[in-house]
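Step one of this worksheet: look at the structure below.
The values are calculated or read from the model by the stated rules, or taken from the named source; none is laboratory data. Not measured: the values here are computed from a predicted model. Cβ placement follows ideal geometry from the backbone for every residue including glycine, while neighbour counts extend to all protein chains displayed.
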Amino acid sequence: MTRPDRGLAADATVDGAARDAGDIVRSARRAADAIGLRLAAVGLRPAYAVYLRRLRAEVAAQPVPEHVAVIMDGNRRWAARSGHSDPGFGHRAGAEKALELVDWCAETGVREVTLWALSLENLGRSEDEVGTIAGIATDALTQLATGRRRTRVPIRLRVIGRRDALPMTLRAAIEDASAVSHDDGAMTVTVALGYSGRDELLEAFRATVRDLVAAGTGAAALPDALTEEALAAHLYTVGSSDPDLIIRTSGEIRLSGFLPWQSVYSEYYFSDAYWPAFREIDFLRAIRTYQQRRRRFGR
């Protein structure tokens, strides 16, 4: 009868203990990093306040973009960096940051804001995470609809994307929030939920062709009848201006299919900050960079 190898068992126990110890050390380092960042932020507050006032003055002295769009990226990575294993912690902080951004835009004079909150591809994440994101979005929209959360200026809220792909509770919140939106003299806030740029273009092409066929356009005449103006009339963003400036956070340097038609002449600004850590000075730096560029619109 073969005896169990006690040496192998002991090695396995030691390896397991080492892994557990390593996990504890890594968690402690993440927590220490988070504490260090908070302490550094407290120490830098006076200098931050002075710099913020200067930036506000610089930006106010030049024309600002009419329409700013933001790819709000990095919620999960920010949560992990802050020592939280629950991605929902990052998504909740990201939703609060989005409301802050609306106020920053209002103070700066931006008249239209578009926020990419949830892509169509994001809906393929785990059921728990998608449910958390949908719940957070539902709560934020409900707060706006009921007046429990107010922005510094009246807003006209629009939601674009595949509503049919969203949970029912979120769809109901979208309807309620849109119904109480202001129309006159308000800032337009567009939130992209379940959005895909390719999906938007595909739907617009299909709708345009259907309209042309219904109007009696023959197959031979369809290519020439499919004009830029005809297609633009079926985009999710019909009635809105194209974004002057698109900001993406988290250090990723790509658009990931965000507003492919509308962004053809937009200026881009990429920030290394994760979305929940995006500050007003980061926003103002983006505006200042935009002001320093000369827009040519392809000419």
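Things worth noting here:
- Unmet requirement for I246, which otherwise passes all of (1) touching an Asp or Glu at 6+ places or on another chain (Cβ under 8 Å); (2) surrounded by 15 or more Cβ atoms within 10 Å (Cβ to Cβ); (3) outside any strand (DSSP E or B): (3)
- Exclusive hit being in contact with a Leu (Cβ under 8 Å, 6 or more places away or on another chain) and part of a helix (DSSP H, G or I), set A140, A95, A192, A106: A140
- Which listed residue is surrounded by fewer than 16 Cβ atoms within 10 Å (Cβ to Cβ), basic (K, R), in a helix (DSSP H, G or I) and in contact (Cβ under 8 Å) with a residue 12 or more places away in the chain, from R198, R149, R210, R206: R198
- Within segment 179-194, being surrounded by 15 or more Cβ atoms within 10 Å (Cβ to Cβ) and modelled with pLDDT under 80 holds for S181, A186.
- Leading residue by the ranking (surrounded by the most Cβ atoms within 10 Å (Cβ to Cβ)) among those in segment 263-299 that are small (G, A, S) and at pLDDT 95 or above: A286
- Restricting segment 152-177 to residues that are assigned to a helix (DSSP H, G or I) and of a type in the set (V, I, T), the residue that is nearest to G197 (Cα to Cα): I174
- One residue alone among T108, T132 is buried (at least 17 other Cβ atoms within 10 Å of the Cβ), more than 15 Å from the chain's Cα centre (by Cα) and closer than 20 Å to R171 by Cα, and that residue is T132.
- If you go through segment 249-299 and pick out every residue that is among the small types (G, A, S) and over 30 Å from E228 (Cβ atoms), you end up with 5.
- Residues located in segment 54-78, provided they are assigned to a helix (DSSP H, G or I) and surrounded by fewer than 24 Cβ atoms within 10 Å (Cβ to Cβ): R54, L55, R56, A57, E58, V59, A60, R76, R77
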